[in-house]
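First up is the structure itself, then whatever we jot down about it.
The values are calculated or read from the model by the stated rules, or taken from the named source; none is laboratory data. Just so it is clear, the model here is predicted, and its values are computed rather than measured. Note: ideal-geometry Cβ built from the backbone for every residue, glycine included; neighbour counts use all protein chains shown.
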Amino acid sequence: MSMDRSGHGLLTHGKNSEFQNELHESNRADVDMGEECKSSETSSPERSQEATESESDSWSGSASLVEKSAVEINGDECQAPPEIPLVNKYEMNVDSEQESQSLNTLSVDELGPGVPVKDGKGLFMVPAVGMEFESEEHAYKCYSRYAVMEGFSIRKDFVNKSRVTGTVVSRRFTCYRQGYRPSKHTMNTRKPRKETRTGCLAHMTIAWQPYGKFCVTNFENKHNHEFVNPSTAHLLPSQKRLAFAEAVEADLASSSGVDGVPKLGMGFESEDHAYEFYNSYAGKVGFSVRKDYVNRSKIDGAVVSRRFTCFREGFRQKDKRDLNIKRPRKETRIGCLAQLVISRQSDGSYRVTNFEEKHNHELVAACRIRMLRSQKQLVAAQIAEGNAIEGRKIQLKSAYEVSCNSIGDCVDHEYDPVDQRSKLISKCTREMRDGEAEKIQQYFQSKKVKNPSFFYAIQLDADNQIANIFWTDAKMVMDYSDFGDVLCFDTTYRISEDCHLFSPFVGVNHHKQMVIFGAALLYDETVDSFKWLFQKFLEAMSGKKPKTILTDQDEIVSEAISSILPDINQRVCVWHVYQRALKQLSHMFIGSPPFVNDLLSCFFDLEEEEGFIASWNHMMDLHGLWGNEWLNKIFETREQWAIAYKRHIFCADIKSVQLRGSFILNLKKYLKSDSDVLSFLKQLGKMVNDWHYKELEANYDMSQNMPKLMGDVILLKHARDAYTPRIFELFQQEYETCLNIVVNQCIENGSLLEYKVSIYGQPREYTVSYNLSNNTVCCSCMKFEFIGMLCSHALKVLDYSNIRLLPSQYILKRWTREARV
């Protein structure tokens, strides 16, 4: 008995059921469909008797052969078999369609032998003694289809060939559980294979007849084991081989060519050709491909079979070293079973022997396909092709613009960006450089031509000169609709010392990344200019107002906001105050690292009023700064900027040091000291595109990886499924802190419970209120009100109250994976 070398029986990795192990075991012992051999070892008395051959060309005296038939292969006369009706599947006749349909409703056993049955792939006969077939392969297919309907697999077992011509004289097909495995092969095996053979005697034997057909001489339909479920019958080894053979025939007969979707039996010239095809298909569908299992020939080392899998196949093996890793890698493998298996054929080509299409995870969106590892080369080629097309478009567009008398002739004349009703009553406070107005107008007009959804507005001064410009686009408007609850308006950056003010409207998204909602160039910094700017901003955003706006300590801006946006919360950006402190106290920073640390702590680390005041007084005493008028002045206005105050105002956890600092650093990365307005605008566009790409990367990483849990905790699992990875990381830190919190006191007042909690070993107590009637919790630290995520104190009370799932009212949509849905 020879091993199947085509790889047709390669099973899907990751399926560990008993049935699949048995299929894998039987597949390794099956005889290849195109390979004929004689068995030298048998596992049953019947097989031993059949294996003992005389030197003549007669058949064995076994019960599986034709009794008392003396057939001579060389053409001599032979004894004719009894009259048996021909049952070739190509010659079978069914009286009527209704009769055929009624037969399909019955089981194979109820129908009995010799009755035609339709299985969805055509009509075939239930095997019976005396049934005839055109060829050995025809008999194999008939018995295989019968076996699939019953629920077992078959194997080509004993074969008797003529020693003169080499043609098959008789053949026995057995159940895949026939015989027993010899024990000597498993004595020295570390991991013995699971026993699949049970000595089943079910079989069908055919013998060649002198008139050229094969006749069933013995048919045993009784099994000593249970049949497989019909829903998994397609996984039987013999059925897979039969399906593969039929698929190859269909592929050879088809002249339509490859349509881009893998199919069973599809042929390829080489292994690399198969990989490129599957990778191209994966790019269209939305997943990455990994080269997994490979089987090489022991003779020449050539690839016999290869499996390509989804990159999320299997599971990562546990490593003891993971316990000592501070930042473990994110889990990417989740046991996906999608795969493509190819096997080498006798002609040197490769064909698909197994294709699993279904995935157990979400596929990647088309906009993020280029981030997949296996798609990089494919995407690079597509980008190169796209650049060539874009280049041709630019050439055509340039020719069109040249044909126009001016760029103004190319824009929509119905759209007028100039706001004639809101002219300044005076001349703007800063003048433009020569030619700057024309460059700005041409730039924004060209943006409008390329993107009709682009919005910009221009305010004129008393001399009809450009005083202020505001602009935004569709992507910025969409970002504002999703994350515009907190807005930071910056008026501290100037393109150059003698030039105008650049004022962006920025915020943070669900990954805690910066997003820009719009921007303005201001040549006039009066109250009327800022009023006009906020009006245009609201107009572009369809009137939607933010909940909170952060600004610098500018009375003019504050007055404009109070006039246009009277109902929103205002806070002074602590970063602006800190920047002024660097200028006012520059002499203190030289050679005094302790002062730098103390100042940073007072500005950015202290979230409680008592701690802030204590640390501020300690800094003033330690460094002798009580006589500094500027420090005393900003301390008097601490409620406007210190993060320990106004905790009830939602600020989306905008750490101004990250927000403002990263913005300036990014601008400096692109700009030079001598940059003009046009180059500034172009480089700003590049920077915004970089921000958009980073969000795409974060979205892709979120869809492919799950943050690692600190433990098997239901609450953490629930939060991980809801929050983005960055927010979940912060939430898990809060949960880790809550493990060290103790409940000191509980006061019950009806359905309202008031807890006194503190961190173990620390005197500071926090008051947490929990309402049993509506399942609400509130902490005196007001972290949820300030940043939109429950604090460790509230989590402790929820755990103390046996609440194992995070209440939905405390999961803000802006921090979740579905923030943009």
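Restricting to segment 550-592, name every residue that is within 23 Å of F534 (Cα to Cα) and small (G, A, S). Once the filter is applied, which keeps residues that are within 23 Å of F534 (Cα to Cα) and small (G, A, S), segment 550-592 yields S558, A560, S562, S563. Somewhere in segment 701-708, is a residue farther than 30 Å from T472 by Cβ and either among the charged types (D, E, K, R) or touching a Phe, Trp or Tyr at 6+ places or on another chain (Cβ under 8 Å) (or both)? For segment 701-708, residues farther than 30 Å from T472 by Cβ and either among the charged types (D, E, K, R) or touching a Phe, Trp or Tyr at 6+ places or on another chain (Cβ under 8 Å) (or both): present.
Give me the residue from segment 743-775 that is surrounded by 12 or more Cβ atoms within 10 Å (Cβ to Cβ) and charged (D, E, K, R) and, out of that set, farthest from E609 (Cα to Cα). Selected residue: E754. Among the residues making up segment 538-566, those that are out of contact with any helix residue (DSSP H, G or I) (no Cβ under 9 Å at 6 or more places or on another chain) and over 26 Å from T637 (Cα atoms) are E539, G543. Looking across segment 133-142, the residues that are touching a helix residue (DSSP H, G or I) at 6+ places or on another chain (Cβ under 9 Å) and closer than 10 Å to I206 by Cβ come down to F133, Y140.
Screening segment 127-147 for residues that are among the aliphatic types (A, V, I, L, M) and buried (at least 22 other Cβ atoms within 10 Å of the Cβ) and picking the one that is nearest to E246 (Cα to Cα) gives A139.
Taking residues in segment 677-703 that are outside the structural domain of D482 (by TED's automatic domain parsing) and among the charged types (D, E, K, R), and partners anywhere that are modelled with pLDDT of 85 or more and outside any helix (DSSP H, G or I), the pairs with Cβ atoms closer than 7 Å and at least 6 places apart or on different chains are K694/Q513; E695/N509; E695/H511; E695/Q513.
When restricted to residues that are crowded, with 16+ Cβ neighbours inside 10 Å and either among the hydroxyl-bearing types (S, T, Y) or assigned to a strand (DSSP E or B) (or both), segment 221-251 contains 1. Listed by position, the helices (runs of 4 or more DSSP H) contained in segment 469-578 that have at least 3 residues being more than 25 Å from I440 (Cα to Cα) and of a type in the set (S, T, N, Q) are 555-564.
For first residues located in segment 732-752 and under 13 Å from L795 (Cβ atoms), partners that are in a strand (DSSP E or B) and not β-branched (V, I, T) and lie 6+ apart or on another chain with Cβ distances below 6 Å form the pairs V743/Y755. Determine whether C791 is touching a strand residue (DSSP E or B) at 6+ places or on another chain (Cβ under 7 Å) and without any contact (Cβ under 8 Å) to a residue 40 or more places away in the chain. Taking the combined requirement at face value, the residue does not satisfy it. Could you tell me whether segment 752-763 includes any residue that is within 37 Å of the chain's Cα centre (by Cα), at pLDDT below 95 and not in a strand (DSSP E or B)? No.
Counted as qualifying within segment 633-713 are the helices (runs of 4 or more DSSP H) with 1 or more residues that are exposed (fewer than 15 other Cβ atoms within 10 Å of the Cβ) and modelled with pLDDT of 85 or more, namely 638-641, 677-704. Only one of the numbered conditions (1) of a type in the set (D, E, K, R); (2) out of contact with any helix residue (DSSP H, G or I) (no Cβ under 6 Å at 6 or more places or on another chain); (3) modelled with pLDDT of 90 or more is violated by K531, and that is (2). For D490, are the conditions met, namely being crowded, with 21+ Cβ neighbours inside 10 Å and touching a Pro at 6+ places or on another chain (Cβ under 6 Å)? Criteria met by D490. The set of residues in segment 770-821 being within 20 Å of G507 (Cβ to Cβ) and acidic (D, E) consists of E785, E818.
Across segment 555-597, the qualifying residues are those that are of a type in the set (D, E, K, R) and touching a Phe, Trp or Tyr at 6+ places or on another chain (Cβ under 9 Å), and the one among them that is modelled with the lowest pLDDT is R580. Within segment 279-304, the residues that satisfy the criterion of being within 25 Å of Q704 (Cβ to Cβ) and hydroxyl-bearing (S, T, Y) are S280, Y281, S288, Y293.
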